[in-house]
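What follows is a single structure, written as structure tokens, with notes after it.
The values are calculated or read from the model by the stated rules, or taken from the named source; none is laboratory data. Predicted model only: the values in this text are computed from it and were never measured. Counting neighbours? That spans all protein chains shown, and the Cβs are built from the backbone with ideal geometry, glycine included. Accessible surface areas use protein heavy atoms only, side chains included; no ligands, DNA or RNA. Shrake-Rupley method; radii C 1.70, N 1.55, O 1.52, S 1.80 Å.
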Amino acid sequence: MRKPLVVSVVCFSALLLTSDPAMAGLGPGRATTNSKSTKGPNQTIAAQASIKYHSSGNGGGHSGPLASTDSNWTPPACWYAPEWSATEFQQFRQGVYVSAVHDPDLPNDVRGEISDQNQKYAGDNYNIDKEKEGMWWGPQFNDDASLADQMKCDKDPFWVKKGETPDVPEAIKPETLAGLAYQQMQVPGTKVSLAPAGASKVNLPTWAWLDKADFKPISVTASLEVGGFHAEATTTATADSLSLDPGTDDAQVLPESGRCAINGDGSIGEPYARGKGNQTPPCGVVYQRSSGGGTFDLRSTATWKISWTGTGGAGGDLPDGEYGDDQPVTVQEIQAVNR
């Protein structure tokens, strides 16, 4: 029956650090990817956390987060990282105990376990005699993950010597940071240019394209620097293709696959110009019926290839990401002139 109690203690400790400013001052706290974050032009620092994010390559304007194309992949839900020096940990644990004693709603078994834990840590004097030799590691949580996934990190805080990596599956490593950087990534919108100008015509090609400036590679670096521990990873998204969904089954996409490739200069498709009316566009749509008095929602979705590099030469690939936008398209019948 120990695991449910450990989970309750972890939840109670995390709650203190995220909801009570006085308790938050007892130590570095729990890292989150989104809660109470403060953002500068190119940097995000999660509240009470030492994980920092720095982005490059996004020129601004309309943008949005990537969604993984692999439904089985999600960013890290929780991880263990160095959080407290020995003195900070002593203050933190004593603060948890005092709060638990004065919380009338806390179950007695949880209060008892907190007391038992404190006695265990106090037995070694919280390793204060080893203050300069290491740090206490604890669980940190991703706010966007489910509670069940967050609670996979239910291990009590543990001591780690400087320069050592604990043999714990969820211990933070470059790959963890790469996944968190993926979650922070913002890519440009995909509203395409359409031509000929004005309403599209039934059975005539509508050209679609994006300029090369819209799809430069984008990188986010996540780094952790605390108590002599350093790890970082840079996750990079590179545009691979653009998919078109006309918004109606009565349409043909061009090319037939519906995926417009990235050109050598980073652009997509080809701008329309006078004299190209009888040509087939490399990227576009042929609508086969009018939109009547309304419009069709043309959705353009960009697919991005994701790779990462990290501390110690680590690196690899992560699942592709997607981001798309809708735009209204008016489609009219070609008007015949009777003489």
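What the table shows:
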read-out	value
Charge context of V331, other residues only, Cβ under 11 angstrom, K/R +1, D/E -1	0
Cα-based radius of gyration of the range 60-135 once divided by 2.2 N^0.38 Å, which approximates compact folds	1.72
√(5λ) per eigenvalue of the Cα gyration tensor, the range 143-289, largest first, Å	49, 17, 10
Relative contact order (%) - the range 74-195, alpha-carbon pairs under 8 angstrom, separation at least six	40 percent
Radius of gyration, Dmax [the range 286-332; alpha carbons; angstrom]	19.2, 60
Accessible area expressed per residue, the range 66-170, with surrounding protein chains retained (probe 1.4 Å, Å²)	52 Å²
Debye intensity ratio I(q)/I(0), log10, the range 213-297, q values 0.24 Å⁻¹ (C-alpha model)	-1.18
Label-point gap, in nm, between R274 and Q91 - each point 7 angstrom along Cα→Cβ	7.4 nm
Gained length - L106 relative to T238, 0.36 nm times residue gap less alpha-carbon distance	42.6 nm
Taking the convex hull of Cα positions in the range 92-169, its mean projected area over all directions (nm²)	6.7 nm²
Cut-off 11 Å between beta-carbons: net charge of the residues surrounding G247, Lys and Arg +1, Asp and Glu -1	-4
At most 10 other Cβ within 10 Å, DSSP loop - trypsin sites (Lys or Arg not before Pro), the range 239-328	R274
Rounded to the nearest 20 debye, dipole of the range 126-244 from Cβ charges on Lys, Arg, Asp, Glu	620 debye
Selection of GluC sites (Glu not before Pro), the range 148-200, meeting DSSP coil and at most 16 other Cβ within 10 Å	E164
